[in-house]
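First up is the structure itself, then whatever we jot down about it.
The values are calculated or read from the model by the stated rules, or taken from the named source; none is laboratory data. These numbers were taken from a predicted model, which means no experiment stands behind them. Heads up, the Cβs are rebuilt from the backbone with ideal geometry, glycines too, and the neighbour counts pull from every protein chain shown. Protein only, heavy atoms only, side chains kept; ligands, DNA and RNA dropped before computing areas. Shrake-Rupley method; radii C 1.70, N 1.55, O 1.52, S 1.80 Å.
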Amino acid sequence: MTFGVVVFPGSNCDHDAYHAATQVLGERAELVWHKDTSLHDADVVILPGGFAHGDYLRTGAMARFSPIMPAIKAFADRGGPVLGICNGFQILLESGLLPGAMLRNRELKYRCEHLYIRVEQTDTPFSRRAQAGQVLRIPIGHGEGNYYADADVLSRLESNRQVVFRYCSPSGQVDDAANPNGSVHNVAGICNQRRNVVGMMPHPERACERLLGGTDGLVILQSVVDAVAAGANPADVATTSSTASTSPTR
Amino acid sequence: MIDATVLERHGVTPDEYHRIVGFLGREPNITELGIFSVMWSEHCSYKSSRVHLRTLPTEGPQVVQGPGENAGAVDIGNGLAAVFKIESHNHPSFIEPYQGAATGVGGIIRDIFTMGARPIGLLNSLRFGALDAPGTKRLLEGVVAGIAGYGNSIGIPTVGGEVAFDPCYAGNPLVNVFCIGIAKTSDIIKGVASGVGNPVYYVGAKTGRDGIHGATMASAEFDERSAEKRPAVQVGDPFMEKLLLEACLEVMQTDALIGIQDMGAAGLTCSTTEMGSRGGAGVEIDVSHVPQRETGMTPYEIMLSESQERMLLVVKKGCEAEVERIFEKWDLHAVRIGEVTADGMLRVKERGAVVAEIPNRALTDEAPVYRRPTERPASLETAQTLDLEALPIASAPDVATTNRVLLLILGSPSIASKRWIYRQYDHMVQTNTVVLPGMGAGVLRVKGTDAALAMSVDCNSRYCYLDPRLGAMHALAEAARNVACAGARPLGATNCLNFGNPEKPAIMWQFAQAVEGLGSACRALSIPITGGNVSLYNETDGKAIFPTPVVGVVGLLPHADRALGRRFVGPDDAIVLLGEGHGELGGSEYLATVHGIVKGTPPSLDLDKERALQTLIVGLADSRLVRSAHDCSDGGLAVALAECCFDARVGADVQIDGVRVSSRDTINDAGALFGESASRIVVSARASDVPAVLARATAAGVPARVIGNTGGGRLRIAIGGRTAVDLQVEEAERPWASAIADRFTQRVA
C-alpha cells in the first residue's frame with residue numbers, strides 16, 4: 001500500500017512520516033507537493049506536522065487554500081483514510097474536514113515532551129489495532145494544541161463517539177493534571193462523523209522505534225495498514241458499529 | 001564630507017583611514033567607507049584575535065573542512081561529513097531578546113546548509129545575570145522563546161546545551177548557538193566566486209534598512225544608550241529560511257552551482273567580497289537589481305543592510321534557467337545582480353554608474369591585524385587566594401546541615417534542571433534524537449547508517465576568570481568528556497570566544513591565555529578546531545563579563561543503540577567512580593552558591609589522564625559494559641550522584657573516601673562531596689560486569705573503584721564510613737526540578 005505524505009512548504013515532519021512508513025513499516029510512500037492537484041495512487045493520506053505556510057496568521061489557516069486540498073477533500077469524501085498530525089490536525093480543522101478550532105496552549109508556551117493518551121475509540125482506520133482504553137506513550141510538540149469546540153459541537157462529538165484520543169496519566173486517568181495544553185475534555189485527537197478522517201496533536205511517527213525511546217505510535221500507523229489491507233471501506237465498518245448514536249449534523 | 005565625526009561613527013580609526021586612502025589611492029566616498037568599516041570591524045575581520053587564533057590546531061585526518069569557510073566539517077564514515085559551527089548573538093539578544101536569539105539561530109543554520117549539509121540539530125549556550133536580579137527573567141524568557149520560535153518552526157531539533165547564571169552577565173547576556181548538519185563529503189560546497197562571466201544571484205528576503213551596522217554594533221561596548229540601537233537588530237522569518245533551506249539544498253543537487261554564501265553580518269558586502277577573495281576573483285554587482293523592501297534606499301544602505309534570510313549564489317553560465325526554476329517552485333525569486341570578474345575588485349554600481357570600487361584583498365586578506373598589548377590583571381592575585389579556614393561554617397559535620405547544603409546547590413539555577421527551558425524547544429523533530437535533552441550530551445542517529453553523533457557545548461566561566469588558560473582547557477576537556485560519556489569518540493571542536501574589550505590589556509591577556517589553553521588541550525586530546533566565532537566587547541558601562549570561551553565538541557558513535565545517558569537504569573547495579581577526587585574547591589559551585597565567593601584556582605587538569613579516561617569510557621560503552629555514565633563537574637560528586645538518580649526513580653548507597661583540605665571536617669566533607677576535581681565519571685554497571693570494568697580501567701591506567709550500589713529510594717553518601725548525606729531522592733529532586741520552573745509559573749499565576 002502507499003502512504004501519500006503531503007508536503008506544504010513549511011512542513012517539517014513530512015520526512016519523519018515518510019521514514020516511519022517506508023523504513024519502519026516497510027510500506028511504500030510518496031511525498032505529494034502541495035501545489036499538485038492529484039494524490040496519485042495514495043491509499044492513505046498523511047498531513048504531517050510543521051508550519052505549513054509559516055503560520056504567522058493562524059496555524060493551518062492558509063494551507064486550506066493549497067491546490068492539493070480539493071483532492072484531499074474528494075479522497076476523504078470517498079471514505080479514504082486521512083490522518084492529520086499536529087499541524088496536519090490544525091489544517092483539517094481550518095479546512096472544515098474536522099469540527100472545532102485550535103487555541104494557543106493554556107500556558108502560552110510551546111511544549112515538547114513524551115505524554116500519555118488513552119485510546120477512546122477503536123473503530124477508526126487509525127485505531128482499529130488498539131484496545132479500547134489502551135494507554136499510549138507518544139510525544140507532543142506544539143504551541144497551539146488547545147482544542148476548542150463550543151458546547152453544541154462538543155456534545156455532538158461526544159455523543160457520536162468522535163473523540164478518539166484523550167490526554168491521560170500513565171495509568172489512564174483522564175484529568176486536568178494530564179492535560180498539557182488546556183484542550184476541552186482532554187481531547188488529543190478526534191475523527192469526523194464518517195470516522196475515516198482523524199486529527200491528532202501527538203506525533204505517532206516520533207514513537208515508532210525503540211532507539212528513539214518507544215514504539216507506542218506504531219499501533220496507529222499499523223492500524224491503517226490493516227484497514228487498507230482489509231480492503232473494506234473503513235467508513236462502512238464505522239457506520240455499522242455506531243449507528244445507534246448517529247445523529248443528523250448541520 | 002568624511003571628517004573625524006563620520007570616522008568615529010563608523011568605528012574607523014585615523015590610522016585605519018590612512019590605510020584605506022593608501023589602498024584606493026584616493027579618498028573613499030561614503031559608500032566605500034561604509035564597506036571598509038564593516039569589513040574591518042572586529043566582528044568581520046578578527047583584527048584583534050587573528051594572531052592568537054592562528055595558533056590553534058586545525059588539522060587531523062578526520063578534518064574535511066577547517067576554519068575559513070562558512071562552517072567546519074569532519075568525516076563520519078559512510079562517505080558522510082558532519083558540518084558544524086557555533087556562533088554568538090550576544091549584543092542583539094541583549095537589545096531585543098526574542099529577535100536577537102531567533103536571528104542567531106537563523107544565522108548559524110544558514111552557515112550549515114550553505115555548505116551543502118542538511119541541518120539536523122541545534123545546541124545553545126546561554127548565560128544570564130542572577131536569575132532573581134531585575135530583568136533576567138524577561139531576558140531568559142525572550143531568548144528561549146526566540147530560539148524556540150525559529151528552531152521549532154524551521155524543523156531542526158534543539159537537543160541540548162547549557163544555561164548558567166552569574167552576576168557578571170547581568171548587563172551582557174551571552175547567546176551562543178551551535179548547529180550541526182550532515183552532507184555527503186563529495187557534495188560539500190564552498191563560498192567561492194570563480195569563472196569570469198558567471199552570473200551572481202541574490203535569493204531570499206528583500207533588503208530593508210534593518211541591521212545596518214550590526215557588525216559594527218557588535219564591535220563596541222554597551223552603555224545606557226544601547227536601547228537606542230534597537231533598529232540595528234534584525235527580524236527573523238523562519239518560514240522564509242525554511243524555503244531557502246529546501247530550495248538551496250535542491251539547487252545543490254544539480255551541477256549548476258559554483259559557490260554560495262549566506263548574507264549574515266555585513267550582508268551583501270561581506271558575501272560578495274569573501275566569495276571573490278576565496279575564488280581569487282572580482283565581483284561586480286548593481287544594487288538597483290537587489291530586491292528592496294523599502295523605497296529610496298541608497299547603495300550605502302543596501303550594501304550594509306543585515307536583513308535576514310538572504311543568500312548569494314554564483315551559478316554556472318548557461319544553467320540560469322535551471323536554478324531559477326527550482327527557486328520558483330519554492331515561491332522564491334532568484335535575481336541576477338551581477339557577475340564574476342577577473343580583476344579582483346569589488347565593484348558596486350547603481351543603474352550602471354560605479355558607486356564603489358575596492359580591491360577585494362584590501363577588505364579581506366589585507367584588513368588590519370593587531371597584536372594588542374596584554375597584561376595580567378593585578379586583581380587576579382587576590383581572586384586566586386582562597387582561605388578555606390576562613391569560611392564561616394561549623395567545625396563538626398552533621399547530616400542535616402550537609403543535606404541542606406546539597407539541596408541548596410541542587411536548587412541553584414545553574415545546576416538545576418533546565419526542563420522548563422528545553423520543553424519549549426522541539427527536540428524530537430526529524431526523529432533522530434536518541435538521548436533527550438537533560439540526559440547528557442545530545443545524541444542524534446545518522447539515518448541510513450548504524451551510527452550516531454554526540455555533541456556538547458561547555459564552559460565554566462568561573463574557572464576562566466580565575467585562570468583563563470586552565471579554564472579554557474577545562475572547557476574543551478569537559479565538552480569532550482560529555483561526548484565520551486555518551487559513548488562517542490570526539491572528532492572535532494568549534495569555539496565561541498566571548499570576552500570583553502580587547503583594547504584593554506587585561507582583557508587581551510585573558511583572551512591570549514584562553515586561546516593558548518584551548519590549543520594545548522586540543523593538541524593533547526587530538527581534537528582539532530574546525531571553526532568558530534569570536535565575540536569581543538562584551539562589556540556594559542565598562543564592566544566586562546568573565547572570559548567565556550564556549551567549546552562545542554562533536555563525536556561519533558559507531559552504534560547508535562549503545563549510546564549512554566546520565567540516569568541510573570535500575571536497582572542493584574554497581575556504581576563505579578572512574579578517576580579520583582582531591583577535594584578541589586577553587587572556583588566551585590559550592591563556594592559560589594553557599595558562600596557567595598568566586599575564589600581560588602580552578603581544579604588541576606592532567607590532559608594525559610583525561611585522554612586515558614575518555615578512551616576508557618568510549619570503549620566501555622562500545623562493549624556494553626556500563627549502563628549509564630555521567631560526567632562529574634559543576635557541584636562535584638554529590639551533585640553528579642544525585643543527577644544519576646533523578647528521573648530514574650532509583651536511589652543510591654555510596655561510600656567514598658575523605659579528603660583533607662583543611663583543619664575542619666566540615667570543609668573536608670565539602671571537598672569530598674562538592675569538590676570539582678576534573679577527569680571523573682560516575683558509571684553504573686551490572687554486578688557481573690564489574691570485574692571487566694575494573695580490569696579495563698587498570699589497563700588504561702585510570703583509577704577506578706566501586707563506590708556503592710543503586711537501589712532503594714534514598715540517596716545516601718558516607719564519607720570514610722560516616723554518613724554525610726541521607727535524603728529521599730524525591731526530596732533531593734524537588735528543588736532541582738522546580739528551581740527554574742517555579743520562578744516563571746509564579747509570575748503567570
Inset, instruction - Return a yes/no flag: does the range A:35-55 have any residue that is within 14 Å of another protein chain (Cβ to nearest Cβ) and over 26 Å from A:Ser183 (Cα atoms). - result: yes
Legend entry - Residues located in the range A:172-193, provided they are within 18 Å of A:Arg111 (Cβ to Cβ) and assigned to a helix (DSSP H, G or I): A:Asp176, A:Ala177, A:Ala178, A:Val184, A:Asn186
Legend entry - Pick from the range B:237-265, criterion open to solvent by less than 10 Å² (accessible area, probe 1.4 Å) and of a type in the set (Val, Ile, Thr), ranking: farthest from B:Pro299 (Cα to Cα): B:Val251
Legend entry - Contacts under 7 angstrom Cβ, first residue in the range B:190-212 being among the acidic types (Asp, Glu), partner at pLDDT below 95, 6 or more apart: B:Asp210/B:Pro231; B:Asp210/B:Gln234; B:Asp210/B:Val235; B:Asp210/B:Ser305; B:Asp210/B:Glu306; B:Asp210/B:Ser307
Inset, instruction - Kindly provide the set of residues from the range B:386-417 that are under 19 Å from B:Ala164 (Cβ atoms) and open to solvent by 50 Å² or more (accessible area, probe 1.4 Å), ordered by number. - result: B:Leu408
Legend entry - Residue check for B:Ile154: at negative phi, away from chain A (no Cβ under 14 Å) and among the β-branched types (Val, Ile, Thr): no
Inset, instruction - Scan the helices (runs of 4 or more DSSP H) fully inside the range B:266-354 and keep the ones with 3 or more residues being under 33 Å from the mean Cα position of the chain (by Cα) and crowded, with 21+ Cβ neighbours inside 10 Å. - result: B:267-279, B:299-304
Inset, instruction - Take B:Phe568 and decide whether it is over 19 Å from the mean Cα position of the chain (by Cα) and buried (at least 24 other Cβ atoms within 10 Å of the Cβ). - result: yes
Legend entry - Single residue of the range A:57-88 satisfying the filter (among the basic types (Lys, Arg) and at pLDDT below 95) that is surrounded by the fewest Cβ atoms within 10 Å (Cβ to Cβ): A:Arg58
Legend entry - Residues located in the range B:422-437, provided they are touching a helix residue (DSSP H, G or I) at 6+ places or on another chain (Cβ under 6 Å) and either part of a strand (DSSP E or B) or more than 7 Å from every other protein chain (Cβ to nearest Cβ) (or both): B:Val434, B:Pro437
Inset, instruction - Scan the range B:24-53 residue by residue and report those that are within 12 Å of B:Thr273 (Cβ to Cβ) and among the polar types (S, T, N, Q). - result: B:Ser45
Legend entry - Meets criteria (within 14 Å of chain B (Cβ to nearest Cβ), in contact (Cβ under 8 Å) with a residue 40 or more places away in the chain and over 30 Å from B:Lys447 (Cα atoms)) for A:Asn196: no
Inset, instruction - From A:Phe75, A:Phe89, grab the single residue that is of a type in the set (Phe, Trp, Tyr), under 23 Å from A:Arg166 (Cα atoms) and more than 14 Å from every other protein chain (Cβ to nearest Cβ). - result: A:Phe89
Inset, instruction - Check A:Tyr167 against each of (1) buried (at least 24 other Cβ atoms within 10 Å of the Cβ); (2) in a loop (DSSP other than H, G, I, E, B) and name the one condition it does not meet. - result: (2)
Legend entry - Of residues in the range A:220-235 being buried (at least 21 other Cβ atoms within 10 Å of the Cβ) and modelled with pLDDT of 95 or more, the one nearest to the other protein chains (Cβ to nearest Cβ): A:Leu221
Inset, instruction - Would you be able to say whether some residue in the range A:8-26 is within 19 Å of A:Ser95 (Cβ to Cβ), within 14 Å of chain B (Cβ to nearest Cβ) and of a type in the set (Ser, Thr, Tyr)? - result: yes
Inset, instruction - Kindly indicate the residue of the range A:102-134 that is of a type in the set (Gly, Ala, Ser) and farther than 12 Å from A:Ile190 by Cα and also nearest to the other protein chains (Cβ to nearest Cβ) among those meeting that condition. - result: A:Ala130
Inset, instruction - Could you please find all residues in the range B:531-565 being assigned to a helix (DSSP H, G or I) and either more than 30 Å from B:Leu625 (Cβ to Cβ) or open to solvent by less than 20 Å² (accessible area, probe 1.4 Å) (or both)? - result: B:Ala560
Inset, instruction - State which residue pairs qualify: first residue under 17 Å from B:Asn482 (Cβ atoms) and of a type in the set (Phe, Trp, Tyr) and inside the range B:610-629, second residue open to solvent by less than 50 Å² (accessible area, probe 1.4 Å) and modelled with pLDDT under 95 in any location, beta carbons under 8 Å apart, and separation of 6 or more residues or different chains. - result: none
